[in-house]
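J.: This structure is in structure tokens; I'll ask about it shortly.
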Amino acid sequence: MKKLLSLLILPLALLFAFPAFAQNINIPQAVMLRIIRAEDELRFDRDLQDLLKSPDAKIRRRAALAAGRIGSENAIPPLSALLDQDTDQDVRTMAAFALGEIESAKAADAILKVLSKKGEADAVRARALEAAGKIAAANPKDAKSRQLGESILDWLEAEQSLATRSREIVLLGLTAALRAKPDEADFVVGKFLTDKDVSVRADALNTLVRLKSKNDNLKAQYRAMLLSDDDAVVRANAARALGASEDAMSLDLLIEAATTDDDQRVRVAAIRSLGLLKDKKAAASLLERGKKLLEGFKTAKSKFSNPAEKNELLEIVATVGNLLAGPNNTEISEFIRNFIFFETTVFAESEIASAKISPKIYAESAYYNPSIKIFIESASRFDWQNLSSIAQGLGEVSHSQDEEARKKAKEVLQLIITKTETEKRLEPFKLSVNKAIPDLLRAYIAFKPIDAQIVLLKYLNYQDAIIRATAAELLGDLPASRENIEALKTAFAQALQKDKEMNDAQLAILSALVKLDKTQTVDSLKLALDASDFLVRRQAAQLIKQNDLTKDFPNLDAKVGTVKPYNPATKTKLGQILNTNADYIRAVSRKNGQIKAILTIEKGIFTIDLLPEDAPLTVDNFVKLAKSGYFNGIAFHRVVPNFVVQGGDPRGDGNGGPGWQIRCEINLIPFERGAVGMALSGKDTGGSQWFVTHSPQPHLDGGYTVFGRVNETDMKIVDTIARGDKILSVKIIEESILRKSAVPQRKKK
């Protein structure tokens, strides 16, 4: 590393921007059980309303958090009252946070009122700013959103003018600006680029990147920060900002950072930004760096089957492919071939890059690709990931102006799709083949074939739920027709009956139907509102409200209801309550610092310090899966350098889970480096997929459940994880077990 990050040499308690409140301290277990059941059932009723009025401030505070997690608009009046009138600052702080979690414009007035108060406590104001950002982002067309955005900027400007600033207000205000996107936000945010606090500088840059600011007045500061800032996260974000602002003058500086910085996060950010600048002059330097990495990759292969160098190599391949798209380039083609030679897996990045550089050669040679030949001629050695990557490469040819290349690529895709439908010898490998079909369909439909509707309707009846979800999504982008709509309605009814472990098809079909013709969707929406799966009922209600269909659905909220207890008769665990009283008691009995997960991978061991007081049911779900051996042998299917490593998917394609979903337990812990969070495809859709952040990701705060931390020493192992690395084992250690094992046992006579 170029320098030890000043952020990382702080004591552990200071690693996180704000203190994490212990959620359960000194709250009677009986009360915690009432609260946690309400959260699990997503039930806001008289019980929680009474707890919000408790004489004990700690109970009011915890009940306010529960109200925010549940997300009912019925909680806005009592939460607004707490925010305005409660005598306890911590309660009012949590009330502000909870109103932001509900994300309703109905809470805007309460937030604006507290932001207009003079002498308000910094903690309350900071969380009110955070809430303002969330509400504005969720309701961009509401008139109140503009006021919320203006208030965010007003407070940031007020803090900037102070000699002593509130760190909470500044950091949460910067992320709020990122979400609300008020006019002239970049002008105000840019004032924090010279702040002494590294987290403020890093977050200001992150906000400017996500605002896609092109402010010319800030580019010189970005360049100076990339060149000389001591903090690697700041340098990485400065590199990102230069790419987002398309600063042509930073080309040489970005090349230097991409090829020489000692921190991989900086190099990766600079590599991606060079791709955004689209200057082909950068390709030669990146290729030179890639060749050096490839030599190290070859050497590291003798120690690990999946060297960490792969992460950066894939970034270089993708970027150089973008820079040299169009003309044939022997040097980059040879580099990609050499990289592929040392890998058993074909990666989408290398396939897409090859297709961009020489679409005609790529399309013509695709049929003879070893992976395609194996699929066509010898299914016993078939690898779905290779086929999926090649499909993405062929799909990239759809953007080519070369008609011959487009024709050939489409023919190869047609051949492969036909093989998946007709080859009986593929039957034993059907589960594997199915994982490649979504990418095959997307690639084929990208060519806008005349038989698109016929192909998609066929796959709308497939056994695999993810394939049906993909077909529905693609059908939703075609012109509406009676045949499409009727097929989707039939498919939805069938999915409700047969999909017992995944609801992806049901949700995708509903969305496609409304997109094609909302007036023809009423019958399907009525079916959805009778589903045992709460997530299906909730999505149906959201679609009804968003498309002005409420007149056809009286008592809509009552139909959605709460999450119901598991009913074995439904033969599915989706969207139902699975926890028992014993589960709740166990979950609320655990304390932070007393339970950890020790993960062993090929490259070493790292520990997750679990946070059961902040996310009790999430931790309990993770612990139960780990103790059952669920994670053993599962690969990290997603690795995005300078962002996250993600695992826990038994399918390996990013779509898998345990056959149930758990509720989000959003808390106040920020996504700093080493934060462990639950992956989602929407609110309350967590299951078994989780991730660890490489660097601070403030835009994830308050949107994903943080349920653990990895310390900086162990992050050195996490940093080596590459796509495809497998978890060998997960061992759960609880303090009670440690104490028991430490007690001397009396010898038997």
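The values are calculated or read from the model by the stated rules, or taken from the named source; none is laboratory data. Quick caveat: nothing in here was measured; it's all calculated off a predicted structure. Here Cβ is always computed from backbone atoms with ideal geometry, including for glycine, and neighbour counts include all displayed protein chains. Ligands, DNA and RNA are stripped out before the accessible areas are found, and what is left, the full protein with its side chains, is counted by its heavy atoms. Shrake-Rupley method; radii C 1.70, N 1.55, O 1.52, S 1.80 Å.
J.: Any residue that is in contact (Cβ under 8 Å) with a residue 40 or more places away in the chain and either open to solvent by less than 30 Å² (accessible area, probe 1.4 Å) or touching a Pro at 6+ places or on another chain (Cβ under 9 Å) (or both) - is there at least one of those in segment 487-498? Lay out the reasoning, then the answer.
T.: Going through segment 487-498, the residues in contact (Cβ under 8 Å) with a residue 40 or more places away in the chain turn out to be 496.
Right, trim to either open to solvent by less than 30 Å² (accessible area, probe 1.4 Å) or touching a Pro at 6+ places or on another chain (Cβ under 9 Å) (or both) and you get none.
Taking every residue of segment 487-498 in turn, none turns out to be in contact (Cβ under 8 Å) with a residue 40 or more places away in the chain and either open to solvent by less than 30 Å² (accessible area, probe 1.4 Å) or touching a Pro at 6+ places or on another chain (Cβ under 9 Å) (or both).
J.: Here's another thing I want to ask about it. Which of the residues belonging to segment 683-713 are assigned to a strand (DSSP E or B) and either of a type in the set (Phe, Trp, Tyr) or more than 12 Å from ILE669 (Cβ to Cβ) (or both)? Walk me through how you get there before you give the answer.
T.: Kept after step one, since they are assigned to a strand (DSSP E or B), are these residues of segment 683-713: 686, 690-693, 706-709.
Hits for segment 683-713 are GLY686, TRP690, PHE691, VAL692, PHE707.
J.: In this structure, is GLN392 polar (S, T, N, Q), closer than 19 Å to ILE352 by Cα and in contact (Cβ under 8 Å) with a residue 24 or more places away in the chain?
T.: Numbers: polar (S, T, N, Q): yes; closer than 19 Å to ILE352 by Cα: yes; in contact (Cβ under 8 Å) with a residue 24 or more places away in the chain: yes.
For GLN392, the condition - polar (S, T, N, Q), closer than 19 Å to ILE352 by Cα and in contact (Cβ under 8 Å) with a residue 24 or more places away in the chain - is met.
J.: Also, I was wondering about something else. Quick one: which helices (runs of 4 or more DSSP H) lie wholly within segment 379-471 and hold at least 3 residues that are of a type in the set (Val, Ile, Thr)?
T.: Numbers: elements: 384-396, 403-422, 430-445, 452-459.
It comes to 403-422, 430-445.
J.: Is it the case that segment 49-72 has a residue that's in contact with a Lys or Arg (Cβ under 6 Å, 6 or more places away or on another chain) and open to solvent by 30 Å² or more (accessible area, probe 1.4 Å)?
T.: No - not one qualifying residue is present in segment 49-72.
J.: Something else about it: From ALA131, ALA81, which residue is open to solvent by 10 Å² or more (accessible area, probe 1.4 Å), small (Gly, Ala, Ser) and in a helix (DSSP H, G or I)? Explain how you work it out, then say what you get.
T.: Working: ALA131 fails: open to solvent by 10 Å² or more (accessible area, probe 1.4 Å).
The conditions single out ALA81.
J.: So, in segment 600-617, exactly how many residues are farther than 30 Å from PRO307 by Cα and either open to solvent by 10 Å² or more (accessible area, probe 1.4 Å) or assigned to a loop (DSSP other than H, G, I, E, B) (or both)?
T.: 6
J.: Shifting gears a bit: Out of curiosity, is LEU440 open to solvent by less than 60 Å² (accessible area, probe 1.4 Å) and within 22 Å of ARG406 (Cβ to Cβ)? Full working, then the answer.
T.: On the way: open to solvent by less than 60 Å² (accessible area, probe 1.4 Å): yes; within 22 Å of ARG406 (Cβ to Cβ): yes.
Judged against the criteria, LEU440 is a match.
J.: Still on this structure: Is it the case that some residue within segment 462-484 is buried (at least 16 other Cβ atoms within 10 Å of the Cβ), over 24 Å from the mean Cα position of the chain (by Cα) and of a type in the set (D, E, K, R)?
T.: no
J.: Please go through segment 645-663 and pick out each residue that is under 13 Å from the mean Cα position of the chain (by Cα) and surrounded by fewer than 23 Cβ atoms within 10 Å (Cβ to Cβ). Walk me through it before giving the result.
T.: Keep residues of segment 645-663 that are under 13 Å from the mean Cα position of the chain (by Cα), which gives 645-647, 654-655.
Within segment 645-663, GLN646, GLY654, ASN655 qualify.
J.: Restricting to segment 671-682, and then to whatever is open to solvent by less than 10 Å² (accessible area, probe 1.4 Å) and assigned to a loop (DSSP other than H, G, I, E, B), can you tell me which residue is nearest to VAL718 (Cα to Cα)?
T.: GLY674
J.: Could you please let me know if ASN579 is part of a loop (DSSP other than H, G, I, E, B) and either of a type in the set (Lys, Arg) or within 30 Å of VAL268 (Cα to Cα) (or both)?
T.: Details: part of a loop (DSSP other than H, G, I, E, B): yes; either of a type in the set (Lys, Arg) or within 30 Å of VAL268 (Cα to Cα) (or both): no.
Criteria not met by ASN579.
J.: Sticking with this structure for a sec: Exactly one of (1) touching a Lys or Arg at 6+ places or on another chain (Cβ under 7 Å); (2) at pLDDT below 95; (3) not hydroxyl-bearing (Ser, Thr, Tyr) is unmet by LYS2. Its number?
T.: (1)
J.: Same structure, new question: Please give the helices (runs of 4 or more DSSP H) falling wholly within segment 286-371 in which 2 or more residues are closer than 23 Å to SER388 by Cα and among the aromatic types (Phe, Trp, Tyr). Even if it seems obvious, please write down each step before you answer.
T.: Values: elements: 309-323, 330-341, 348-357, 359-366.
The qualifying helices (runs of 4 or more DSSP H) are 330-341.
J.: Does segment 717-725 contain at least one residue that is in contact with a Lys or Arg (Cβ under 9 Å, 6 or more places away or on another chain), surrounded by fewer than 21 Cβ atoms within 10 Å (Cβ to Cβ), closer than 28 Å to LYS134 by Cβ and not β-branched (Val, Ile, Thr)?
T.: So far as segment 717-725 goes, no, none of its residues is in contact with a Lys or Arg (Cβ under 9 Å, 6 or more places away or on another chain), surrounded by fewer than 21 Cβ atoms within 10 Å (Cβ to Cβ), closer than 28 Å to LYS134 by Cβ and not β-branched (Val, Ile, Thr).
J.: I've got another one for you. For segment 26-38, does any single residue satisfy the condition of being assigned to a loop (DSSP other than H, G, I, E, B), open to solvent by less than 40 Å² (accessible area, probe 1.4 Å), in contact with a helix residue (DSSP H, G or I) (Cβ under 7 Å, 6 or more places away or on another chain) and not β-branched (Val, Ile, Thr)?
T.: Residues of segment 26-38 assigned to a loop (DSSP other than H, G, I, E, B): 26-28.
Add one more test, that the residue is open to solvent by less than 40 Å² (accessible area, probe 1.4 Å), and what stays is 27.
The next check asks that each one be in contact with a helix residue (DSSP H, G or I) (Cβ under 7 Å, 6 or more places away or on another chain); those that pass are 27.
This time we only want the ones that are not β-branched (Val, Ile, Thr), so: none.
For segment 26-38, residues assigned to a loop (DSSP other than H, G, I, E, B), open to solvent by less than 40 Å² (accessible area, probe 1.4 Å), in contact with a helix residue (DSSP H, G or I) (Cβ under 7 Å, 6 or more places away or on another chain) and not β-branched (Val, Ile, Thr): absent.
J.: So which residues in segment 522-579 are closer than 20 Å to ASP45 by Cα and of a type in the set (A, V, I, L, M), if there are any at all?
T.: LEU535, ALA541, LEU556, ALA558, VAL560, VAL563, ILE577
J.: Grab the helices (runs of 4 or more DSSP H) fully contained in segment 186-258, keeping just those with 3 or more residues being of a type outside the set (A, V, I, L, M, F, W, C), over 27 Å from the mean Cα position of the chain (by Cα) and surrounded by fewer than 20 Cβ atoms within 10 Å (Cβ to Cβ).
T.: Numbers: elements: 198-210, 216-228, 232-244.
In segment 186-258, 216-228 are the helices (runs of 4 or more DSSP H) which contain 3 or more residues that are of a type outside the set (A, V, I, L, M, F, W, C), over 27 Å from the mean Cα position of the chain (by Cα) and surrounded by fewer than 20 Cβ atoms within 10 Å (Cβ to Cβ).
J.: Filter segment 312-341 down to the residues that are among the polar types (S, T, N, Q) and at pLDDT below 95, then identify the one that is surrounded by the fewest Cβ atoms within 10 Å (Cβ to Cβ). Explain how you work it out, then say what you get.
T.: We begin by selecting, within segment 312-341, every residue among the polar types (S, T, N, Q); these are 319, 322, 328-330, 333, 338.
This time we only want the ones that are at pLDDT below 95, so: 322, 328-330, 333, 338.
Values: ASN322: 19, ASN328: 12, ASN329: 20, THR330: 9, SER333: 17, ASN338: 15.
Here the answer is THR330.
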